[in-house]
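Below you'll find the structure, written out as structure tokens, and then a few comments.
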Amino acid sequence: RDRDVIHVGRREGTFRAIKLRAIGNDIEMLDLKVIYGNGEVDDIPVRRLMKAGTETPPLDLRGRDRLIQSVQMVYRARPNYRGQATMQIYGLH
């Protein structure tokens, strides 16, 4: 299991949704939490296997147009020796 925290911050502005993309290898997303600027936490249900090169549809944020403090991901890369797994996160304004 891998756990990563992406710090965003106020300089990036507000977002209405986020999107995830798996790069380089398959990734099993286990847990995704968005921590907003005011400290509220949103547990977003993405629990699924993402094949390399695929992305989620836009995942709406609770309350729309929110400042994001950080995004916490718990995931597992599929060990098939096809390369390093990378999860990209896109904020949608």
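Taking the Cα centre of the chain as origin and assigning +1 to Lys and Arg Cβ atoms and -1 to Asp and Glu Cβ atoms, the resulting dipole is close to 140 debye. Residues whose amide H comes within less than 5 Å of that of Gln69, counting only those at least five positions distant or on another chain, are Gly9, Ile35, Tyr36, Gly37 (H built at 1.01 Å from N in the peptide plane).
Placing pseudo-labels 7 Å out from each Cα toward the beta carbon at Val5 and Glu28 gives an inter-label distance of 2.5 nm. Placing +1 on the Cβ of every Lys and Arg and -1 on the Cβ of every Asp and Glu, with nothing else charged, gives the stretch 19-72 a dipole about its Cα centre of roughly 120 debye. Close amide H pairs (under 5 Å, H built 1.01 Å from N) link Thr54 with Ala22, residues at least 5 positions away or on another chain.
Only the coordinates and a few stated rules stand behind these numbers; no lab work does. On a predicted model such as this, the values are computed, not experimentally measured, just so you know. Glycine also receives a Cβ, built like all others from the backbone with ideal geometry; neighbour counts cover every protein chain displayed.
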